[in-house]
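Peer 1: I'd like to ask some things about the structure below.
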Amino acid sequence: MLELQNVSLNFEASKDSFDDGIHHVLRDVSFKLYENETLGIIGRNGVGKTTMLRIMADILGPTSGTVIKYPGKTASLLTIGLGHKPDLSGRDNALLSSMLQGASKAEAQSYLEEIKAFSELGDSFEEPVKTYSAGMKSRLGFTTALLTHVDILLVDEVLSVGDAEFRAKAEQAMRERISGDQTVVFVSHTDAQVKSLCDRVIWIDEGRLRLEGEPEFVLSEYRDSLRQ
Ligand SMILES: Nc1ncnc2c1ncn2[C@@H]1O[C@H](COP(=O)(O)OP(=O)(O)OP(=O)(O)O)[C@@H](O)[C@H]1O
């Protein structure tokens, strides 16, 4: 469905830091994402996992290498509060996000009542997002992405936020999507989630793909490396 071929990504940094002011975040990363699978991405803080999701979602372009997405396939990054317009209401933000994820206006409108109900935002759904708490923003962002149909759902640590009750409901909804025919890429630091949700895992280490394979195996190699 999606393929990264020799993808590298650099950020500019201050002159006296990193490699003469160039921060090499991803280095020559190649892998394929297959239809219907749930691919986990693991690795230490700051190694480039979110950056990889942003490349897959077309938010960032690689410095070199190629991203191949099958024609007509949509990908959406499910993260916290990304791209909300603060002056617009929750309803209008949900409409806009759904359309940005590829829904037609009529389709997006048909999702709104379900988004309002699932997010449990009540009357606040009609209020500007700038008045929302962090948890309310995350409910709106999660629900909109979850209930809008996309071919590839890119999930960034989203299950670890929100209050306990909403988290349980979000995790259950994610499980239902994953066990259906949804293709998912999932970044997580929680081994239990990776083991129970993912079909395959890649381990990113200092911007490189260190290991790829069956979740138990990749996780145990990763944990061993952290103990050394
Ligand atoms: N817009 C940016 N400009 C400059 N540097 C950035 C930018 N975005 C990310 N980085 C840097 O790229 C590196 C990788 O960041 P990224 O968010 O992909 O890491 P991560 O593996 O997702 O980390 P975590 O597990 O902590 O979420 C970090 O060192 C970060 O500081």
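Peer 1: Let's test the formula: R0 of 41 Å, r as the Cβ-Cβ distance of residue 149 and residue 12. What FRET efficiency results, to the nearest 0.05?
Peer 2: Numbers: r = 37 Å, r/R0 = 0.89.
That gives a FRET efficiency of 0.65.
Peer 1: Only bridges whose two residues both fall in the chain count here: according to DSSP, what percent of them are antiparallel, nearest 5? Show your work: numbers first, answer last.
Peer 2: Working: 20 of 37 bridges.
Of the beta bridges lying entirely in the chain, close to 55 percent run antiparallel.
Peer 1: Quick one: of the DSSP bridges fully inside the stretch 140-219, what percent are antiparallel, nearest 5? Numbers along the way, then the final one.
Peer 2: Working: 5 of 10 bridges.
That works out to approximately 50 percent antiparallel.
Peer 1: For residue 5 and residue 224, calculate 0.36 nm times their separation in residues minus their Cα-Cα distance, and state this gained length in nm to one decimal. If you can, show how the numbers build up before the last one.
Peer 2: Details: separation 219, 0.36 × 219 = 78.84 nm, distance 2.82 nm.
Between residue 5 and residue 224, full extension yields an extra 76.0 nm.
Peer 1: Classify the stretch 103-188 as rounded, prolate or oblate, taking a ≥ b ≥ c as the square roots of the eigenvalues of its Cα gyration tensor: rounded when a/c is under 1.5, otherwise prolate if a/b is larger than b/c and oblate if not.
Peer 2: Values: a/c = 1.89, a/b = 1.18, b/c = 1.60.
The shape class here is oblate.
Peer 1: Is the stretch 73-120 best put as rounded, prolate or oblate by its Cα gyration tensor, with a ≥ b ≥ c the root eigenvalues, rounded for a/c under 1.5, and otherwise prolate when a/b is larger than b/c, oblate when not?
Peer 2: Details: a/c = 1.40, a/b = 1.07, b/c = 1.31.
Cα axes put the stretch 73-120 in the rounded bin.
Peer 1: Evaluate E = 1/(1 + (r/R0)^6) for residue 164 and residue 117, where r is the Cβ-Cβ distance and R0 equals 25 Å; express this FRET efficiency to the nearest 0.05.
Peer 2: 0.80
Peer 1: What's the extension gain from residue 20 to residue 195 if we count 0.36 nm per residue and subtract their Cα-Cα distance? Walk me through the numbers before you get to the answer.
Peer 2: Details: separation 175, 0.36 × 175 = 63.00 nm, distance 3.95 nm.
The residue 20-residue 195 span can extend by a further 59.0 nm.
Peer 1: Compute the helix-to-body angle for 134-147: its Cα long axis versus the longest principal axis of the chain, expressed 0 to 90° and rounded to tens.
Peer 2: 90 degrees
Peer 1: Turning to a different aspect of this structure: Share of the chain's accessible area from carbon and sulfur, percent, 1.4 Å?
Peer 2: Details: 5320 of 11230 Å².
Answer for the chain is 47 percent, counting heavy atoms of protein chains only.
Peer 1: Mind pulling the angle between the C-alpha long axis of helix 215-227 and the longest principal axis of the chain? Nearest 10 degrees, somewhere in 0 to 90.
Peer 2: Helix 215-227 and the main axis of the chain meet at about 60 degrees.
Peer 1: Please give the contour-minus-distance gain from residue 37 to residue 127: 0.36 nm per residue of separation, less the Cα-Cα distance, rounded to one decimal in nm.
Peer 2: Details: separation 90, 0.36 × 90 = 32.40 nm, distance 3.74 nm.
Using 0.36 nm per residue and subtracting the Cα-Cα distance, I get 28.7 nm.
Peer 1: Percent relative contact order of the stretch 130-228, based on C-alpha pairs within less than 8 angstrom and at least six residues apart? Don't skip to the end; give the middle numbers.
Peer 2: Details: 77 pairs, mean separation 19.7, N = 99.
That works out to 20 percent.
Peer 1: While we're looking at this one, here's another question. How much accessible surface does residue 210 have with a 1.4 Å probe, in Å² rounded to 10?
Peer 2: 130 Å²
Peer 1: Can you give the accessible area of residue 115 in Å² (nearest 10), computed on protein heavy atoms with a 1.4 Å probe?
Peer 2: Using a 1.4 Å probe on the heavy atoms, I get roughly 0 Å².
Peer 1: Could you report the chain's accessible area per residue, 1.4 Å probe, as an integer in Å²? Show your work: numbers first, answer last.
Peer 2: Numbers: 11230 Å² over 228 residues.
Per-residue value: 49 Å².
The values are calculated or read from the model by the stated rules, or taken from the named source; none is laboratory data. A quick note: this is a predicted structure, and the numbers were derived from the prediction, not measured. Positions of Cβ are backbone-derived with ideal geometry, glycine not excepted, and every protein chain shown enters the neighbour counts. Protein only, heavy atoms only, side chains kept; ligands, DNA and RNA dropped before computing areas. Shrake-Rupley method; radii C 1.70, N 1.55, O 1.52, S 1.80 Å.
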